[in-house]
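Written out below as structure tokens is the structure these notes cover.
The values are calculated or read from the model by the stated rules, or taken from the named source; none is laboratory data. As the structure is a computational prediction, the values presented were derived from the model and not from experiment. Don't worry about glycine lacking a Cβ; one is built from the backbone with ideal geometry, like all the others, and counts go over all protein chains shown. Note: areas computed on protein heavy atoms with side chains; ligands, DNA, RNA excluded. Shrake-Rupley method; radii C 1.70, N 1.55, O 1.52, S 1.80 Å.
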Amino acid sequence: MSKIYRPRRSCLAVPGSSVKMLKKAQGLAADQVFLDLEDSVAPNAKEQARGNIVEALVHGDWTGKTRVVRVNDADTQWAFEDVQHIVKGAGRHLDCIMLPKVEHVSHLHWLDVLLTQLERSLGLPEGGIGIEAQIEGPSGLSQVEQIAAASRRTETIIFGPGDFMAAMQMPVLTIGASAAGHDPFDGVLLSIAVAARKYGLQAIDGPFALIHDIEGYRRTANRAAAFGFDGKWVLHPGQIEAANEVFSPRQEDYDKAELILDAYAYYTSEEGGSLGAVMLGDEMIDEASRKIALVNAEKGRRLSMKRTTTFEPPRR
């Protein structure tokens, strides 16, 4: 099940109530921006924030960025008006709606139907606005596979550690941080990654609240990357560079991936002896190696990385 690919190494949170931050975000090097109507906006500021976001999307310059709006969760009194206001005002300037606290498949069905109705009434391409589903509690995690499959619009599954930590009564006070001596999120990240990959979605890790602890941020980003995640939230401009670096292939890894692809193509050809498993240096490569290499090579190609090595067939 193939989904549209959008760059999401760094996903910058921008409060919709701050006109200053909405303007500043346009010039930052984040792959994605999500303009927030939920946790970062006070209840009495939500109506004004909707207007700020529409103005920023329609008249701002978001070139090269994936444009997302996080609405309030489906069980709140604000959710319906959030979606309606944003899509009516800026639907042609919007890539996705992010839905937080997805605890049931019905939450995504509601958003899917509402978006379809709005697109039809506004003359927008039907299905053109994607959905990002945020898993923030045990109910959502236990249904993550069904949630991943619930709508063709869904592009990402996002882990929200803050509400998840509260729901699980974890003894940690910093969002995204681990308890001393162990990391409780490994199983969560694996479950989300498996569900996302099964349905062709991207997997995104949530925030790390110690915004000036870049090494701590990098550590949690590397943890998510090890499970195959595509990117991570950014709460402060200082975290953007680390996110973009962690979720990009290293040059040596990109070079190796391209070498594996070239070598395997040669050795499986008639000219190369029609071999299925061969040695490349000190490493045996086969069809599984090709699949792994292709994933890493495609990541580098999307970033327009340039090779620094070439494959030379052996002289006969």
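Could you order Asp95, Asp213, Asp282 by accessible surface area, starting with the largest, using a probe radius of 1.4 Å? Write down the numbers at each step before the final one.
Numbers: Asp95 20, Asp213 55, Asp282 160 Å².
Sorted descending by solvent-accessible area, the residues read Asp282, Asp213, Asp95.
Given points 7 Å out from each Cα along the Cα-Cβ axis, report the Gln77 to Ala226 separation in nanometres with one decimal.
Going by the 7 Å Cα→Cβ label model, 4.6 nm.
Over 25 Å between Cα atoms, which of Lys65/Lys88; Lys101/Lys291; Lys24/Lys65; Lys88/Lys198; Lys46/Lys88 qualify?
On the way: Lys65/Lys88 21 Å; Lys101/Lys291 34 Å; Lys24/Lys65 13 Å; Lys88/Lys198 33 Å; Lys46/Lys88 16 Å.
Going by Cα-Cα distance, Lys101/Lys291; Lys88/Lys198 fall outside the 25 Å limit.
What's the carbon and sulfur percent of the chain's accessible surface, probe 1.4 angstrom, rounded to a whole number?
On the way: 7880 of 14870 Å².
Result for the chain: 53 percent of the exposed heavy-atom area is carbon or sulfur.
Using the alpha-carbon centroid of each, what span in Å lies between the range 48-120 and the range 208-227?
Centre-to-centre distance over Cα atoms comes out at 28 Å.
Considering only protein heavy atoms, what is the solvent-accessible area of Glu126 at a probe of 1.4 Å, reported in Å² to the nearest 10?
Answer for Glu126: close to 110 Å² accessible.
Treat every Asp and Glu Cβ in the range 213-316 as -1 and every Lys and Arg Cβ as +1, leave all other atoms uncharged, and give the resulting dipole magnitude about the Cα centre to the nearest 20 debye.
On the way: 15 positive and 18 negative charges, 55 e Å.
Computed charge dipole of the range 213-316: roughly 260 debye.
Suppose a student asked you for the relative contact order of the chain, using Cα pairs under 8 Å spaced at least 6 residues apart; what percent would you report? Present the calculation step by step, with values, prior to reporting the outcome.
Details: 540 pairs, mean separation 44.0, N = 316.
Here the relative contact order equals 14 percent.
Between Phe208 and residues 5 or more places away or on another chain, which pairs have amide H atoms under 5 Å apart, with H built 1.01 Å from N, and which residues are they?
Leu235
Per residue of the chain, what 222 nm ellipticity follows from adding -39500 (n - 2.57) for every DSSP H run with n ≥ 4, rounded to the nearest 500? Before the final figure, lay out the partial values.
Values: 12 runs with 134 residues, N = 316.
Helix contribution divided over all residues of the chain: -13000 deg cm²/dmol.
Of the candidates Met284, Met168, Met21, which one comes out as most mobile in a Gaussian network treatment of the chain with C-alpha springs shorter than 10 Å?
Answer for the Gaussian network model of the chain: Met284.
In the range 175-256, with Lys and Arg counted as +1 and Asp and Glu as -1 at Cβ, which of these residues, Pro207, Leu189, Asn222, has the Cα nearest the positive end of the dipole, that is, farthest along it?
Of the options given, the answer is Leu189.
Could you work out how far apart the two model spin labels at Ala45 and Glu283 are, taking each label as a point 7 Å from the Cα in the direction of the beta carbon, and quote it in nm?
It is 4.9 nm.
For the chain, what is the percent of antiparallel DSSP beta bridges, rounded to the nearest 5? Intermediate results must be reported in sequence, preceding the final value.
Values: 3 of 33 bridges.
Close to 10 percent.
With labels modelled as points extended 7 Å from the Cα through the Cβ direction, what inter-label distance (nm, one decimal) is found for Val58 paired with Glu271?
So the label points at Val58 and Glu271 sit 5.8 nm apart.
Taking just the alpha-carbon atoms of the range 84-191, what radius of gyration and Dmax come out, in angstrom?
Calculated on Cα positions, Rg and Dmax stand at 16.1, 54 Å.
Taking amide H positions as placed in the peptide plane 1.01 Å from N, state which residues far from Thr268 in sequence (5 or more) or on other chains have amide H under 5 Å from it.
Leu275
Under the √(5λ) rule applied to the eigenvalues of the Cα gyration tensor, what semi-axes describe the equivalent ellipsoid of the chain? Give them in Å, descending. It would help to have the intermediate numbers written out before the result.
Numbers: eigenvalues 279, 97, 77 Å².
Over the Cα atoms of the chain, the semi-axes work out to 37, 22, 20 Å.
Would you mind checking which residues have amide H under 5 Å from Gly130's amide H? H placed 1.01 Å from N; only 5 or more apart, or other chain.
It is Cys96, Ile97, by chain and number.
Can you tell me which of Asn296, Asn72, Asn244 moves the most in a GNM of the chain? Springs connect C-alpha atoms under 10 Å apart.
Of the options given, Asn296 has the highest mean-square fluctuation.
Any chance you could give the angle, 0 to 90 degrees and rounded to 10, that helix 186-198 forms with the longest Cα principal axis of the chain?
It works out to around 80 degrees.
For Ala166 and Val113, calculate 0.36 nm times their separation in residues minus their Cα-Cα distance, and state this gained length in nm to one decimal. Provide the component values of the computation, followed by the final result.
Working: separation 53, 0.36 × 53 = 19.08 nm, distance 3.05 nm.
Contour length minus Cα-Cα distance gives 16.0 nm.
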